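Q: Take a look at this one; I'll ask things after.
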Amino acid sequence: MSLGFVPATGVTLKIYTTAFRLVLTKTYPVGSGGVISVALVNSQGTALANGLYYLVVSADGKQWILKLMVTR
């Protein structure tokens, strides 16, 4: 996924189920070259179950809403 710019502060990711239940919130500082590595695990360390989710990406006052399919 490319945001089209390198955010100055960092990136906040929120993942919701299709029933709009928040399952994950994480904030990442921007690494070198704007690259962020994301592990899709909740606060207990459990991996997200297979399925469709909504991913909300927020950076520098901008926001994107994307569909996210998790499969293993």
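The values are calculated or read from the model by the stated rules, or taken from the named source; none is laboratory data. No experiment lies behind these values; they were computed from the predicted model shown. Cβ placement follows ideal geometry from the backbone for every residue including glycine, while neighbour counts extend to all protein chains displayed.
Q: How many residues does segment 34-72 hold that are closer than 19 Å to THR18 by Cα, aliphatic (A, V, I, L, M) and not in a loop (DSSP other than H, G, I, E, B)?
A: 11
Q: Going by what's in this entry, would SER37 be described as of a type outside the set (A, V, I, L, M, F, W, C), free of Cβ contacts under 8 Å to residues at least 12 places away in the same chain and under 15 Å from LYS14 (Cα atoms)?
A: Spelling it out, SER37 is indeed of a type outside the set (A, V, I, L, M, F, W, C), free of Cβ contacts under 8 Å to residues at least 12 places away in the same chain and under 15 Å from LYS14 (Cα atoms).
Matching residues to (1) modelled with pLDDT under 85; (2) under 14 Å from the mean Cα position of the chain (by Cα):
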| site | (1), (2) |
| --- | --- |
| SER2 | yes, yes |
| THR12 | no, yes |
| ALA19 | no, no |
| ALA39 | yes, yes |
| VAL57 | no, yes |
| VAL70 | no, yes |
